[in-house]
Each structure stands twice: as structure tokens, then as C-alpha cells.
Amino acid sequence: MDYDMPQLRQLVQKNTEKINRNELMINQMRKENMEQARKAAERYEWLENSRKEHDRWIRHIRETLDEISQITKQSQIEQEKREQKRVQEREQERQEREREREQERQQRAQERQQRAQERQEREREQEKRKRELDAQFAETDRLIKETAKQMQETNQRFLELKEETNQQLKETALEVKRLSRQLSGTTGHIVEGLVSSSTKRIFQKAGLELHNSGRNLKRSIPSEKIAMEVDVLLSNEEMAVPVEVKANCTEADVKRFLHQMGHFRQLFPEYDGKEVYAAMAAINYEKGVPELAHKEGLLVIRINSDDIFSIDPFKRDELRKF
């Protein structure tokens, strides 16, 4: 059935709104999945907030464990270096004190007693520092054990989330396929309506007066196993132009149409004695398809920059006659 422009715009708008709602629904589901993954990953400042596949999470967890191990080893190395430095400093101080004591042997007993008290104070401080370091090492060991346990719990949670996410993705994929099938059928009828209502004007601007038109014309010869459906057929007293209409035109569509056009005169004998050309019309062409259609001598109809159908420039003597 033919559509006038207000009906077409309304139909396009409804389908666009339906697509937008479906996209919002899909995006909401993705956001929920990402939020679940983010909550699971918040327990570790090393983990990224990501919704990528679970193997990357596990790899990241392993990298985090390696990083913790490296940090711990580096901390131990630095602590040992500091301890060695302190030992060296203490040794240097001791040697200096021994030289001073050798040089100042004759100093008063009070000074010797004071130095002994200072030495005892330093030893107490060293013992205090040692106890603090032991406590820090014990706390570090405890944190490492807790981290390992939490990593194990998180890994289990990731596996559960992966299973839930996979199920949700399967359900989403089924819904998207269903919506795509609905959208594909509706879009095809819309494009046929747009082309049918515009073709006479399009060809008139190109210098071809085609007065008669028809849509969805089906013919077949069962005994020879050939059949053809013409989306739009324009004609006048001298010529006929079947038009193949696609929402998205591919190279395979062009080749299939050319094959069908090989049976056009056999299926539509009423056009014997007239020149027969052919045209492709689409909202979108895949890369290289318009050039292929031109090369095969087909007329090419497409939407221009003003969202209006127009026909590509052509020379009549370069068009293919069927």
C-alpha cells in the first residue's frame, strides 16, 4: 500500500522511538552488569572498574597479587637496607666513640658515666624499634593472609557474576535479534513506500517521463522453476524500468537482481517491444556497491544530503538493456 509523507514520517518516528527504547533497555542492562562488577571490584584498590570479560579480571587479580608480592619484597629489601645503614652508622659511631675514648681517657669519670647512659638509651631505642618492626612484619603477614582470602572470595564471586552476565547476555541477544527482525521488515516497507511515491518525480527530473507504475508485482513459471518479484515497476509507451528496493544494499543484492532481470522478459511478456532498463534504490549502499551497479549498467537511486531520493547522473547509451 502507498504511504503519504505524514504517515511515513509518523511510522519512521514510531520505529525510531521503539529502537531508542530498546537501546535504552539494552544500555540499562549493560549498566547494571557493569555496576555489579564494579561493586565486586571495589574491595581492592588495585582492581580496575571494568566490565570486560572475566579472564581479564582474573589476569588483573594475578597481576595485583604479583604487585603486592613485589611491594612486600621491595619493602623488605628497603627495610634491610635501612637496617644495614643503621648498623653501619652505629658501627661508625662506635668506632668514633672508641677513638674519642682513646683520646679522652683522662677525662672525668662523670663524662664516662654520661656516655654509658647515652649508650644504654640508644640500646633501649634500638630495642624499641626492633619490637616495632617485628609488630609491623606481623601485621604485614596478617594483611597478606587476609588479602589472599579476600582474593579467593572475589574470584568465586567473579565466577558467579560471569555466569549471571552470560545468561543476561544470551537473553539480551535473543531480544535484539527479535527486534532486529521486526525492524528489518518494517524498514523494507517504508523504503518501498518512499521510493514508490518518489520515482516518477525522480525520473522526470532525469528527463524520463514514466507515467505508469506498479508495486510488488510477482510472476513465476513453476515448470521452469523461475520466479521474480518487482518492488516498483515504471513504464511508458517506449520503455520499462523495474526498481529493486533495499534498506541496505550489498554486492550480493546487485548480483541477485541482475540474475532475476535475465528472466524479466520471459516473466513479463507484456513489455516485449519496449526498451527495458533496471534500477537499484536504497537508503544505504555498502562500500563499492554503487560503483558495481554503475558498471553493470544499472540506474542508482539514493538519498541525497537533503534526505530526498535522487538518481545518480547517467548516460542513456551506457545503461544496460535487458
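The values are calculated or read from the model by the stated rules, or taken from the named source; none is laboratory data. Everything numeric in this text was worked out from a predicted model, so none of it was measured. Positions of Cβ are backbone-derived with ideal geometry, glycine not excepted, and every protein chain shown enters the neighbour counts. Keep in mind that these areas ignore ligands, DNA and RNA; they rest on the heavy atoms of the full protein, side chains included. Shrake-Rupley method; radii C 1.70, N 1.55, O 1.52, S 1.80 Å.
List the lysines whose Cα sits under 27 Å from the Cα of Lys128, skipping any in the same chain fewer than 8 residues away.
Leaving aside lysines fewer than 8 places away in the same chain, those within reach of Lys128 are Lys73, Lys81, Lys85, Lys145.
Is there a pair in Lys255/Lys315; Lys274/Lys321; Lys218/Lys295; Lys205/Lys287; Lys246/Lys321 whose C-alpha atoms are over 19 Å apart, and which pairs would that be?
The pairs that break the limit, which is 19 Å between Cα atoms, are Lys255/Lys315; Lys218/Lys295; Lys205/Lys287; Lys246/Lys321.
Counting only heavy atoms of protein chains, what accessible area per residue, in Å², does the stretch 47-148 have with a probe of 1.4 Å?
85
Rounded to the nearest 0.05, what FRET efficiency do Ser75 and Arg115 give with R0 = 35 Å and r taken as the Cβ-Cβ distance? Could you check? It would help to have the intermediate numbers written out before the result.
Numbers: r = 35 Å, r/R0 = 1.01.
The value I calculate is 0.50.
Summing +1 for each Lys or Arg and -1 for each Asp or Glu, what net charge is found among the other residues whose Cβ lies under 15 Å from the Cβ of Glu209?
Local charge sum for Glu209: +2.
So, with a 1.4 angstrom probe, what is the percent of accessible area on the stretch 237-283 that is carbon and sulfur? Walk me through the numbers on the way to the answer.
Values: 950 of 1960 Å².
Ligands and nucleic acids excluded, carbon and sulfur reach 48 percent.
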